[in-house]
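*Asks:* Okay, here's the structure, questions in a sec.
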Amino acid sequence: MQFRPLIKLLVLGTIMSSSAHGVANETMAGPIRSMPAQQIASTVPAEGPTVRYFRVAEINKPCFHCESFILPLSDPDDIAQAENLIENGPESGGTIAVSQIVAGSDGINRDLNAPDEPLWSWHIVSFDGFSDITIELCDGWPSLIESDVDEFIRNTSGPLQPGRGQICFWGWTVVDEVRGSGTFAVPALSSFWILLLALSLGTAGLLAMRGTR
């Protein structure tokens, strides 16, 4: 009888821990721990493609806005084009990164050009491709979006995807890849239940030993 509460606790803990781990792999980029630039890395979710992160900044030097944002890519062709831009420069063509954004920080998208690398309060959720020419409506720069994220999204969203805006900054392109040692951030709930499971197993072991004496 004394083991029934422990068994229930073990089952509940296993369910909660599995559920929390599943949440950590839902999106393309994954809910990665907020970290400095040197710790943002390529990640391999349990299911789905590898995601690699690239810094997008102004082509012209000296820069005018002198800002940047993070572009997550998972398609091999898109990654190949990003690497081509880094190696050969904007003369290789297809410089404009056309992407869909939503409001809110993902803990990754930030201005790596700024000394304190502040997070932007918007992030990319889908990549539409590299292009040479786009409509002017989605042109801009990171701090322009930041000044009124909701307004920018309203102005650039389509009827089929409300709540998603589109960016296509002219004169901006991929300049380098962001590398580091980032890892998936397992939610605190998962860690809590893992600890609880360990304590429960330890308690069960002690009770079992006492029962044999």
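*Asks:* Quick query: amide H of residue 172 versus all other amide H atoms, modeled in the peptide plane; which residues come in under 5 Å with a sequence gap of 5 or more or a different chain?
*Replies:* Here the answer is 59, since their amide H atoms fall under 5 Å of that of residue 172.
*Asks:* Go through 56-64, 171-179 and give me the packing order, highest mean Cβ count within 10 Å leading. Please report the intermediate quantities before stating the final value.
*Replies:* Numbers: 56-64: 13.9, 171-179: 19.4.
The most tightly packed comes first, giving 171-179, 56-64.
Each reported figure results from applying straightforward, stated rules to the coordinates on display, with no laboratory input. Nothing here was measured: the structure is a model prediction, and the numbers come from that model. In this analysis, Cβ positions are derived from the backbone assuming ideal geometry, glycine residues included, and neighbour counts consider all displayed protein chains.
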